[in-house]
1. Could you tell me whether E74 is at pLDDT below 90, closer than 29 Å to I150 by Cβ and assigned to a helix (DSSP H, G or I)?
2. Restricted to the range 82-93, and to residues that are in contact with a helix residue (DSSP H, G or I) (Cβ under 9 Å, 6 or more places away or on another chain) and either modelled with pLDDT of 85 or more or of a type in the set (A, V, I, L, M, F, W, C) (or both), which residue is surrounded by the fewest Cβ atoms within 10 Å (Cβ to Cβ)?
3. Quick check on this structure: which one of L64, L57 is in contact with a Ser or Thr (Cβ under 8 Å, 6 or more places away or on another chain), modelled with pLDDT of 90 or more and crowded, with 17+ Cβ neighbours inside 10 Å?
4. So, in the range 122-134, how many residues would count as being in contact (Cβ under 8 Å) with a residue 24 or more places away in the chain and either open to solvent by 50 Å² or more (accessible area, probe 1.4 Å) or part of a helix (DSSP H, G or I) (or both)?
5. Would you mention how many residues in the range 137-153 are closer than 20 Å to S22 by Cβ and open to solvent by 70 Å² or more (accessible area, probe 1.4 Å)?
6. Those residues that are farther than 22 Å from L127 by Cβ, among the β-branched types (V, I, T) and open to solvent by 80 Å² or more (accessible area, probe 1.4 Å), I need them from the range 11-47; list them, please.
7. Starting from residues that are over 16 Å from the mean Cα position of the chain (by Cα) and hydrophobic (A, V, I, L, M, F, W, C), keep the ones in the range 104-118 and report whichever is farthest from I143 (Cα to Cα).
8. Please find, among V100, V119, V96, V109, the residue that is in contact (Cβ under 8 Å) with a residue 24 or more places away in the chain and either of a type outside the set (G, A, S) or surrounded by fewer than 17 Cβ atoms within 10 Å (Cβ to Cβ) (or both).
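The values are calculated or read from the model by the stated rules, or taken from the named source; none is laboratory data. All values reported here derive from a predicted model rather than from experimental measurement. Here the Cβ is made from the backbone with ideal geometry for all residues, glycine too, and neighbour counts use every protein chain on show. To get the accessible areas, we keep the full protein, side chains included, count just its heavy atoms, and leave off ligands, DNA and RNA. Shrake-Rupley method; radii C 1.70, N 1.55, O 1.52, S 1.80 Å.
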Amino acid sequence: MNEVRSVKGVIEVIAKLIVIVSSTLMVGVTAVVFFNVIARYFFSVPIAFTYELVELLFPWIVFLTVINVTLDNENIDIQFFMKFSPKPLQIIASYVTKAVMLFFSIFIVYSSFRLATAVKNHTLPLLGISKSWLYWSVTVSFIGVSLVIIYQTILLIIDKEEISEGGEKL
């Protein structure tokens, strides 16, 4: 029981760190785009690297937050319909859902890893950074998603997770 609490505590800290990192990146991207708009329209001097910077950072923002969305079960609205079904069907549907999500998460990790390694020699023209950094965001994110799904499945097995947890409350 204490192990579950300590793992849950670590996961909550990581989730908060993800929120802090993605929020900081979003503030940075917003500031850079704002200054680019000001420079371009008021001084006729566009800041050229901003397009590449946004192209590089935005996938990291989006894909990092996917981990938290998965952790909170906000990515599956099937949960709403499952509340009205019998308990055994809810349990079976939860395991099937987790298995399908894990399969696709692992497949995405594999595919994005292959894509990132395939484009490692391609660089962004202005920043000079490898384009693989764009695709590493997918790999890192779905490794996190896969770990979350495994954690949630373990909680289901030891009967510590609510089946209808997550999603929007109506």
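1. Against the criterion (at pLDDT below 90, closer than 29 Å to I150 by Cβ and assigned to a helix (DSSP H, G or I)), E74 does not qualify.
2. Per the stated criteria, the residue is L89.
3. L64
4. 6
5. Residues in the range 137-153 being closer than 20 Å to S22 by Cβ and open to solvent by 70 Å² or more (accessible area, probe 1.4 Å): 2 in total.
6. Those that are farther than 22 Å from L127 by Cβ, among the β-branched types (V, I, T) and open to solvent by 80 Å² or more (accessible area, probe 1.4 Å): V13, I14, I20.
7. Of everything passing the filter in the range 104-118, A118 is farthest from I143 (Cα to Cα).
8. So the residue among V100, V119, V96, V109 that is in contact (Cβ under 8 Å) with a residue 24 or more places away in the chain and either of a type outside the set (G, A, S) or surrounded by fewer than 17 Cβ atoms within 10 Å (Cβ to Cβ) (or both) is V109.
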